[in-house]
Every structure is written in C-alpha cells, then in structure tokens.
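Data first, discussion second: the structure below is written as structure tokens.
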Amino acid sequence: MTTCWVPGADGSPYGVQTLPYGAFRHSGGAGSPGEPGGSSRAGGQRLGVRIADFVLDLRGAEDADLILAGGALCQPTLDEFLALGRAQWTTVRRRIVELLTESEHRAAVEPLLVPLAQVDLVMPFTVGDYVDFYSSEQHASNVGQIFRPGQPLLTPNWRHLPIGYHGRAGTVVVSGTPIVRPCGQRRSSAGPVFGPSGRLDIEAEVGFVVGVPTRLGDRVPTGRFADHVFGVTLVNDWSARDIQAWEYQPLGPFLGKSFATSVSPWIVPLEALDHAWVPAPEQDPPVLDYLVESARLGLDLSIVVEWNGTKVSAPPFAGMYWTPAQQLAHLTVNGAALRTGDLYASGTVSGARRDQVGSFLELTWGGTEPIKLDDGSERTFLEDGDTVVITATAPGPAGATIGLGEVTGTVLPAS
Ligand code: CA
C-alpha cells in the first residue's frame with residue numbers, strides 16, 4: 001500500500017486508494033481562517049478530492065499548476081472534468097496520488113487541504129438525464145409479492161431486459177438536503193383522497209455517473225462501459241408507496257418518486273473500484289446478443305442502511321442480476337444519446353434475507369411487520385423527523401477498504 005503523508009489517510013477508507021471527487025464551499029461564511037492563499041476564496045463553490053478527513057482543494061491545485069487539467073478543475077462543478085474522458089481522468093488521478101504520497105510535494109499541497117469539518121459539501125455535477133433501473137431479482141420478487149399478490153413474482157420481461165424508467169433529474173439532491181413529506185393522491189376505501197403520504201420509504205441504490213457523451217443514434221456496447229461511465233455514487237430513491245401503488249399502472253413510477261432523490265456528495269471514480277469487480281449471477285435464460293458481456297462482472301459493494309442510528313439492513317450489491325454495463329447497453333440500444341452528467345441508478349438493492357433488503361416496504365413486509373429501533377420505538381414507514389443514512393464500502397488493493405461516502409436525509413412534515 002502506498003504511504004500517504006496526510007494525517008489519518010493510511011488505513012482510512014478514504015486513503016489514496018479511494019480519492020472520490022466532490023464540490024464544496026467553505027462553511028462559516030467568508031474568509032474562513034487558515035485558508036491558503038487568502039484572496040478570492042470566500043463563498044465560491046470549488047471542486048475537491050477527499051483524502052482522510054480533509055478535502056484537497058483542486059482549484060487551488062490547478063491554479064498553482066500542481067495539476068494540469070485544462071482548467072476543468074477550476075470550475076464550480078465536475079461537468080467539464082467529466083467530459084474529458086478516461087485517459088484524462090486516469091492522468092489526473094495518478095497526479096493526485098503523486099501529490100499526496102511524495103514528500104517533495106507536501107509543502108505545496110498541505111496548505112490546500114481543508115478539514116471536512118470546515119466545508120459544506122454541495123451537488124458536484126449537473127444531473128443530465130436520470131434513469132432508475134430495477135435490477136435486483138430479490139427486490140423485484142418481494143415487490144411483486146407485496147403489490148401483486150397471487151400473480152407471478154416477476155413480470156414476463158424481467159429476465160430479458162433491465163427494466164427501468166426515466167426519472168426527474170431536477171429533483172436529484174445532494175446528501176443532507178431535507179426531505180419534505182410529499183402530498184399526493186392515494187386510494188382509500190371511500191375513493192381517492194389527497195394528502196401527505198403515509199407510507200414514505202427509502203430505496204438504497206447505487207448510481208453511475210456518465211462522463212463521456214454519445215451522439216443520437218450511437219449505442220454503447222457492454223464492453224465500452226468504462227469509456228463512458230466516470231464513477232459511482234450512493235443513491236436514496238425516496239418513495240411514497242401509497243402514491244406509487246395508486247398511480248403506477250400502466251406507465252410506472254411518477255409522483256411517488258419524483259419529489260426527491262438523494263445522492264452522496266462523493267463520486268468514486270471507477271479506478272478506485274478495480275479490485276471490487278466480482279462475477280455476477282448467472283443469467284437464465286440467456287440474454288439477447290446486445291446484453292451479452294465478455295465477462296459478467298458486478299461490483300462487490302457492501303451497503304449499510306441506518307434508521308435513526310439503528311442499523312436495519314446490509315444490502316449486498318454483488319448479487320444484482322443486471323450489471324451496470326448491461327444497463328448502459330440497454331439504455332442506449334435504441335440510439336438514445338448520453339449526456340455528460342447523466343445518472344443511472346441500479347434499482348433497490350436487496351439480498352435474500354430480511355436484514356439485507358434495501359427498502360422499508362420489504363423490511364416491514366408492506367407495513368405489516370413493524371421493526372423496533374434501538375430507542376425502543378417501532379416503525380413501519382418513515383415518520384417526520386426520522387433520519388436515514390446509507391453508506392457503503394468496497395474491497396480495495398492490498399486489503400484496503402474503499403469508502404463510498406454516505407447519503408443521508410431527514411424527513412420534514414408535509415407543507
Ligand atoms: Ca428506485
């Protein structure tokens with residue numbers, strides 16, 4: 001393992017093996033103490049890379065010619081950097097590793113480290129189009145049992161294509177953004193009624209951030225996944241189950257999902273996940289040619305879901321039936337163009353056991369089996385004031401751990 005001179009980095013899930021990208025502002029108003037360089041830093045949004053409990057100020061690094069990225073790292077969002085492509089992403093990452101591990105750079109770089117406690121993390125990229133898939137067989141089966149009892153667990157198309165829908169990019173928000181309980185229409189015995197959702201839920205998911213766009217008409221074969229996808233972020237696809245249940249047939253999710261989707265402030269580049277690829281489950285029946293992969297690989301991410309501080313679930317991402325490369329191939333097979341900043345999410349990640357499911361719908365089996373939190377209270381769905389934190393880790397090189405950041409949100413009463 002490469003040794004990093006930053007205090008606390010070696011052995012941290014945010015050592016030089018990880019280096020996730022984000023955007024930040026100095027918290028506490030203008031002119032935070034200890035800012036390197038001093039001038040013109042107040043208030044602006046800047047790009048950074050996390051190392052241990054610090055953010056490396058990438059704008060400062062590019063301004064000082066410590067990193068050369070054509071100005072892309074001096075922008076307020078990752079958008080320009082995302083469009084540069086794999087060769088540039090890799091070059092910049094290698095350079096950041098050099099800066100953080102070679103002692104000769106310490107004097108120049110150390111003033112560019114900002115303690116995490118002194119920053120506010122903000123949305124790091126402009127979300128282009130947002131697509132949400134439905135790729136966990138266990139989740140799809142569970143939802144089938146709960147929403148469509150007595151019918152086949154999976155719809156006839158489920159094993160033939162990665163089912164998805166286009167979501168609402170404009171309501172993708174960064175971790176920490178409060179989630180106002182949505183109002184909507186739902187079914188009651190007396191007919192449809194309007195009001196605050198009574199069955200507000202989460203969906204623990206993994207998101208993929210597109211960097212390199214395509215032209216209308218292009219397809220992205222499964223083997224070209226890494227040419228287009230920059231990295232990975234955690235996603236909480238908040239879901240109002242009562243609104244969803246009433247509206248979703250025949251066109252799928254709509255207002256039950258579009259009120260908010262939270263993402264981690266950290267985008268973990270694919271390079272950090274080189275050691276996390278594992279064989280994906282066998283697919284039966286065989287898939288059509290455009291979905292075939294030379295090696296079927298999924299990511300061995302271990303997700304943890306905490307509800308008001310109680311760990312309630314540990315969904316395993318490695319068991320997902322459809323891989324991110326298949327999802328991208330399917331998303332583009334009709335010629336739909338990709339844009340820089342497109343985000344596609346895996347769908348709820350659920351394993352076989354009840355303590356491995358990625359939604360409270362499944363955890364409490366449609367609200368019929370309440371669970372007890374550590375404070376002794378019981379829950380079926382989210383109550384006002386509840387906080388959910390989703391984190392994840394992956395295996396890194398030489399036994400190291402890769403941290404995938406966290407996505408958190410607290411529920412506020414309906415307005
Ligand atoms: Ca979802």
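The values are calculated or read from the model by the stated rules, or taken from the named source; none is laboratory data. No experiment lies behind these values; they were computed from the predicted model shown. A quick note on method: Cβ atoms are made from the backbone with ideal geometry, for glycine too, and the neighbour counts reach across all protein chains shown. These accessible areas exclude ligands, DNA and RNA; they are computed on the full protein's heavy atoms, side chains included. Shrake-Rupley method; radii C 1.70, N 1.55, O 1.52, S 1.80 Å.
Kindly provide the set of residues from region 291-326 that are among the aliphatic types (A, V, I, L, M) and either open to solvent by less than 40 Å² (accessible area, probe 1.4 Å) or not assigned by TED's automatic domain parsing to the domain that holds Asn142 (or both), ordered by number.
Scanning region 291-326 gives Leu291, Leu299, Leu301, Ile303, Val304, Val305, Val312, Ala314, Ala318, Met320, Ala325.
Restricting attention to region 275-293, does a residue exist that is at pLDDT 95 or above, among the aliphatic types (A, V, I, L, M), within 16 Å of the ligand (Cβ to nearest atom) and under 21 Å from the mean Cα position of the chain (by Cα)?
no
Just give me the residues in region 228-247 being within 14 Å of the ligand (Cβ to nearest atom) and open to solvent by 10 Å² or more (accessible area, probe 1.4 Å), in sequence order.
The answer is Gln244, and nothing else.
For region 274-290: of the residues being open to solvent by 80 Å² or more (accessible area, probe 1.4 Å) and not charged (D, E, K, R), which is farthest from Phe317 (Cα to Cα)?
In this case the residue turns out to be Leu288.
Name the pairs whose Cβ atoms lie under 8 Å apart, with the first residue in region 228-241 and in the same structural domain as Val209 (by TED's automatic domain parsing), the second part of a helix (DSSP H, G or I) and within 13 Å of the ligand (Cβ to nearest atom), and 6 or more positions between them or separate chains?
Ser239/Leu361; Arg241/Leu361
Mind listing just one residue for me: the one in region 248-258 that is open to solvent by 10 Å² or more (accessible area, probe 1.4 Å) and within 13 Å of the ligand (Cβ to nearest atom) and, of those, farthest from the chain's Cα centre (by Cα)?
Once the filter is applied, the top-ranked residue is Tyr248.
Kindly indicate whether Leu331 is within 16 Å of the ligand (Cβ to nearest atom), within 30 Å of Asp201 (Cα to Cα), in contact (Cβ under 8 Å) with a residue 24 or more places away in the chain and touching a Phe, Trp or Tyr at 6+ places or on another chain (Cβ under 6 Å).
no
Could you check Ala329 against (1) open to solvent by 30 Å² or more (accessible area, probe 1.4 Å); (2) over 18 Å from the mean Cα position of the chain (by Cα); (3) not β-branched (Val, Ile, Thr) and say which number it fails?
For Ala329, the failing item is (1).
Tell me whether region 390-401 contains one or more residues that are in contact with a helix residue (DSSP H, G or I) (Cβ under 9 Å, 6 or more places away or on another chain) and buried (at least 23 other Cβ atoms within 10 Å of the Cβ).
yes
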